[in-house]
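All remarks here apply to the structure that follows.
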Amino acid sequence: MSWESLSASEVAPDAVTDTIVMTKIKDDLDYLYGQGSLLRGSIPNGNFEIDADEDGIPDGWTRALYAGGVGEFDETTPMEGMRTYRFIHPGGNGNGGGALTSGYLECSEFESYGLYALHYTSITGIKDLIQLQYYDKDKVANGSAVDLYNSSACDLTPTELSFKFTPTAGSCFFKIRVIGGHTDGIIGGSSYFDDISIIKTITGAVLPDTTAITCTALVIDYPTEVHTSSNVYITLHEWKINRAGTYTIEFTLTGMTLFNGSAYGRIYKNGVAFGIERTVTGEQRGDTVSEIFSQDLIFAAGDYIQFKAKRGGSITQSKISLLKFYANDHTYASRIS
């Protein structure tokens, strides 16, 4: 069941309330009730399905358009549900597409979250962003907007993006902003967004046996790829160690270049740099460079291990994927995000 908005004519003062209208109302109430049981956290109208006032803007979001920009629903090839939201950049200096900004969402500096979104662009070279703006308890902006995603080499087919973030100190609320066709780019084309959702990260329990061991058997093989366009280290994966010992940990670091530059990856323990800083470098436009890195590291039960990455030079994305834990038993480490 999906949301079906009532039309303006169906709620006009002289409209007749018939079985069709009442069925729509019932189905919409059932739909809203069902949102509470979704696996991922529900952002109000995060899938852009509802536009009850028919103004072309998803309810609960505000829209801003750049010069020459267009923002509209795409109901021809939606990525999820009945609608996807599209921004159109006309091309040329000073022009752009636009942005959608959510309402206030509650958060805590003492918790971490995962943000998910469906996204793609019609052509390479369009600059798209996903940002967070934090606010204090009085809903006063707490610092500048933070980029979770900032790329001019976006995927050209529908792709799920995922990001881990922890609100800055003093933050009690935040807003999500998606920008399609930023004015920094001059290439015309379309940017598509859909199904924006948030989850709290889950902490695994520490096993009672904390005797240190040496782990040599591969039991955790996590292939999922997560990337960042940030030029400062961002956490892409986080795990909790449940059994003390020496672990062999392996990951693949990938960099995608616009011209030339390097991608950096590093293992952190409890938020502090711990492993060797790893680097891959692209020499020319369009290079995709990857390398597998491995290191033996000692952890105590209850330690948190973060896999962080950043870009340098004209690298557009840094990716960490194909995590391998030589942990002897799959319960010795728990994925947080």
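Bear in mind that the values in this text are calculations on the coordinates, not laboratory data. From a predicted model like this one, the values you see are computed outputs, not experimental measurements. Here Cβ is always computed from backbone atoms with ideal geometry, including for glycine, and neighbour counts include all displayed protein chains.
Odds and ends about this structure:
- For the range 114-173, the list of trypsin sites (Lys or Arg not before Pro) that fall in a loop by DSSP and count at most 11 other C-beta atoms within 10 angstrom reads K137, K139.
- Checking the Cα-Cα distances for K200/K319; K137/K308; K164/K200; K175/K200 against a 18 Å cut-off, the pairs over it are K200/K319; K137/K308.
- Listed peptides 47-55, 266-274, 171-179, 117-125 appear in the order 171-179, 117-125, 47-55, 266-274 once ranked by packing, highest mean of other Cβ atoms within 10 Å at the front.
- Packing-based order for 144-154, 226-236, 103-113, 75-85, using average beta carbon neighbours within 10 Å, highest first: 226-236, 144-154, 75-85, 103-113
- Ordered from longest to shortest, the equivalent ellipsoid semi-axes for the range 46-200 are 25, 17, 15 Å, each the square root of 5 times a Cα gyration tensor eigenvalue.
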